[in-house]
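S.K.: The structure follows.
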Amino acid sequence: MTEVAGNIHAKFETGLRCVQELETHPKSPERQTAIQQTREELRVLEKLVRSPREEFYRIFARLQGAAERAHQAGCRANSFAGGGSHAAKANARPDLA
């Protein structure tokens, strides 16, 4: 889910940069058409995520934060489990001597 949301975020960013770039060009019917098409693509993305872009950005930031916390918790859990497991295995082996 995080990866899909990241791809959508990137599409929003690309669309916004495109509009900003087009707005620096001299005014022309082609420029206006390109801006309108790009804005329509952004509106389609908003419909896809069922929220305005700004709201999606807030939700995406929360999702990234949760994913990072989960990753850190997983790393800590793995280090605790891995750190004691070698000693536990060594102590559980019967003496062969």
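S.K.: Exactly one of (1) of a type outside the set (Ser, Thr, Tyr); (2) surrounded by 10 or more Cβ atoms within 10 Å (Cβ to Cβ); (3) under 19 Å from the mean Cα position of the chain (by Cα); (4) at pLDDT 95 or above is unmet by Glu40. Its number?
M.R.: Failed condition: (3).
S.K.: Pairs, please: C-beta under 8 Å, at least 6 apart or cross-chain, first residue assigned to a helix (DSSP H, G or I) and in the stretch 8-36, second of a type in the set (Ser, Thr, Tyr)?
M.R.: Hits for this filter: His9/Tyr57; Phe12/Tyr57; Gly15/Thr38; Cys18/Thr38; Val19/Thr38; Leu22/Thr38.
The values are calculated or read from the model by the stated rules, or taken from the named source; none is laboratory data. Treat the numbers as computed from the prediction; the structure is a model and nothing was measured. Every residue, glycine as well, gets a Cβ built from its backbone with ideal geometry; the counts of neighbours run over all protein chains shown.
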